[in-house]
Amino acid sequence: MSKVLMKGNEAIAEAAIRAGCLNYFAYPITPQSEVAEYLSWRMTEVNGVFLQGESEVAVSYMIFGAAGAGVRVFTTSSSPGISLMSEGISYLCGAQLPAVFVNIMRGGPGLGGILPSQADYNQATRGVGHGDCRLLVMAPASVQEAAEMVMMAFPLAEKYRNPVMLLGDGLIGQMMEPVEFPDHLKSEPSNKDSWATNGIDHRNGTTRNLVRSLFLDPEALNNNNLMLRAKYERMKAEEVRFEAYNTEGDYQVLIVSYGTMSRVCKTAINALKGQGVEVGLIRPQTLFPFPDVAIREAAAKPSCRTVLSIEMSMGQMVDDVERCLHGVRPVEWYGKCGGEVPTPEEIIDLVKASV
Amino acid sequence: MQSEVMFAGFGGQGIMLIGKILAHAAMEEGYEVAWIPSYGPEMRGGTAYCMVVIGDQPIGSPIIKNPSHLVAMNRPSLQKFVSTIKSGGVVMINSSLIPDDVQRNDVDVLKLPVVEIATDTGSSKAANIVALAAFVARSKLVPLETLKRCIEEEFQSRPKLIPLNMKAMEAGVAAANK
C-alpha cells in the first residue's frame, strides 16, 4: 500500500482495523473524536462492532467483557475520559485481560482545555487505576509511528495479558501526515485459550477459564500481585523502546523528551548545531517501561554537563529522568501546559542559558 | 529546505481543505509533509487556520513561529499573521474581503479578488480553490499538474463538482500570472 495523507486520529482507527481489532467501544471527546467518527462507518465495512457507550465508565466494562470473550478490543479517549475509565482498567489488569487504550491528551486538571498536553504522564505510567497495576505505555511522535504502535500494541497486550496504552498529545491526533500501513495481522489473539471464556468445548479441555479480579484470600491476592509484578518486570527487560538523536559525538546538554515535544526539540537541536552547540536527545518511545539505561549512559558521557527534561506538563517525566540518573548529572525541567507547545526558539534559549 | 504555508480565514471558507490539498500534492511530489490545524472550539464564521509544512527532510517541530508564506482569506488573518511571515515569502490576499495593503516591502504580495473570480467561473464557493491555485502558481511549491490531480482526487466522491473546481483552478492560475 502506498502512502496516504491522514490525521493521526484516523490513522489510529485504520491501524486498529489492520491489527485485526474489530471491536471498538468509545465515548466522544475532543481532541480524539475523529477516531469514533472514522470507525462509525469503517467498522461496518469490515463487519466489526462500533458501539458508543453511555459513559466512559460503561465503555471500560464493554472492553472488559469483550476482552474476556477473547476478541481484540480497543477504545480511545482523552484525559478526563481516561480518568473515568481508570476503574475498568484496574479490573482488566487484575483479571489479566488484554486491551488497547488510546489517550490523546488534552490539558488538565479537571476539564482543563482541548489543546495538546502531556500532563497525563504520571497517570499513565504510575496510577492509571487503583491497586498495583501498570500499563505498557507507548508514546508516538508522528502519525506514522502512531499507526505502527497501534499495530504493535495488540500483540503486546496479548503477550502480557495486560492493557497497553498509546499516549499521544492532541497534535498527534489532529495533525495530518503521510502514513503507510504495515501488513494486516491475524484477527484473533493466538493465545486466547489461556483466558477467554469461550466455552470449554471449543478448547477441548476441562479447565474452566475464570475472568476475575476478586481474590478474598490474602495469599491468593498476594500471589496474583506477584504474578503481575513478574510481568511488569519482564516488560522492563523486554519492551524498552527509545530513539537516540545526535548522541554519537560529544554534547554538553542531553534532552529527554517524547511525542510532539521531542520534534520541537529536534528542530532546536539542528539549529543549535549550526551555531556550534551540540545537544543530544533521548526520546522514550515507551514511557513504561522507561529507557533508564539509555538515558543513564547518554548522560554519563564525559562531555555532558546537564540533562533537560522537556515536556508539556508541569514536571512529571522529570521524576523518572532523575530516578534513573542516580544523581550522576544535574536534571532540570522545562515545560508548558494548557495547550501551548514550547517553540524551538524557546528550547534554543533554554539550552544556551544552561551551557 | 523547508517551506511553511499558513492558510487562514473564517471557518466555512474551506481553509482546512486547501491546506490539505497542498499537503497532498507535496506528498505526491515526494516531499515530507505535515498539516497542522488549529483546533480550538471553532465554528462556522469563527477563525480557522492551518499550517502546511513541506520539506526534503523529516519534519521536526509542527509549531512554526515564522512561516514562509501566508494565504489570508479574511482581514483578521492578514492582520494577525502578516508580520510573522519570513522575508521573501508570498503573501496572498483575498482582496474581496480585505481592503488593506501590506506595509512590508520584503514579501511578494499577491492581491486577488478570489470571491469575484470564483463567482465568474460558476460559484463563489470555489474561492478557496482560486486562492490555492493562485498561491501555488506564484510560489511554485508544487507543479500545477500535480495540484490539479489532487484537486480532482479531493472531489472524487462528488464528481459533479470537479468541472467547477477545475475552472476555478485555471482562473486562479491565470489571475496570478497576469
- Would you confirm whether any residue within segment A:4-25 is within 14 Å of chain B (Cβ to nearest Cβ) and surrounded by fewer than 21 Cβ atoms within 10 Å (Cβ to Cβ)? yes
- more than 13 Å from the chain's Cα centre (by Cα), more than 22 Å from A:Met312 (Cα to Cα) and among the small types (Gly, Ala, Ser), is that true of A:Ser90? yes
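Of the residues B:Met73, B:Met43, only one is aliphatic (A, V, I, L, M) and either at pLDDT 95 or above or under 19 Å from B:Val114 (Cβ atoms) (or both); which? So that I can check it myself, show each step before the final result.
Details: B:Met43 fails: either at pLDDT 95 or above or under 19 Å from B:Val114 (Cβ atoms) (or both).
Result of the check over B:Met73, B:Met43: B:Met73.
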- Message: Would you confirm, using the coordinates I've provided, whether A:Glu188 is surrounded by fewer than 17 Cβ atoms within 10 Å (Cβ to Cβ) and within 30 Å of B:Ile63 (Cα to Cα)?
- Response: no
- Residues (among the hydroxyl-bearing types (Ser, Thr, Tyr) and within 14 Å of chain B (Cβ to nearest Cβ)) located in segment A:326-346: A:Thr343
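Residue-wise test of (1) surrounded by 22 or more Cβ atoms within 10 Å (Cβ to Cβ); (2) touching a residue at least 40 places away in the same chain (Cβ under 8 Å).
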site	(1), (2)
B:Glu116	no, no
B:Gly122	no, yes
B:Ala126	yes, yes
B:Phe155	no, no
B:Met169	yes, yes
- Item | Spans of helices (runs of 4 or more DSSP H) in segment A:112-185 with at least 1 residues within 11 Å of another protein chain (Cβ to nearest Cβ) | A:143-160, A:170-174
- Message: Any residue in segment A:82-105 that is not assigned by TED's automatic domain parsing to the domain that holds A:Met151 sitting within a Cβ distance under 8 Å of a residue that is of a type outside the set (Gly, Ala, Ser) and in a helix (DSSP H, G or I)? List the pairs, counting only those 6 or more apart or interchain.
- Response: none
- When only residues in segment A:228-268 that are free of Cβ contacts under 8 Å to residues at least 40 places away in the same chain and closer than 25 Å to A:Pro302 by Cα count, which is farthest from the other protein chains (Cβ to nearest Cβ)? A:Gly249
- In the set B:Ile85, B:Ile59, B:Ile64, B:Ile98, the lone residue that is of a type in the set (A, V, I, L, M, F, W, C), under 15 Å from B:Phe7 (Cβ atoms) and within 14 Å of another protein chain (Cβ to nearest Cβ) is B:Ile64
- Item | Residue in segment A:36-49 that is closer than 30 Å to A:Phe215 by Cα, away from chain B (no Cβ under 14 Å) and either touching a helix residue (DSSP H, G or I) at 6+ places or on another chain (Cβ under 8 Å) or part of a loop (DSSP other than H, G, I, E, B) (or both) present | no
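The values are calculated or read from the model by the stated rules, or taken from the named source; none is laboratory data. Only a predicted model underlies this, so the values are computations on that prediction, with no experimental measurement involved. So basically every Cβ, Gly included, is an ideal-geometry build from the backbone, and we count neighbours across all protein chains shown.
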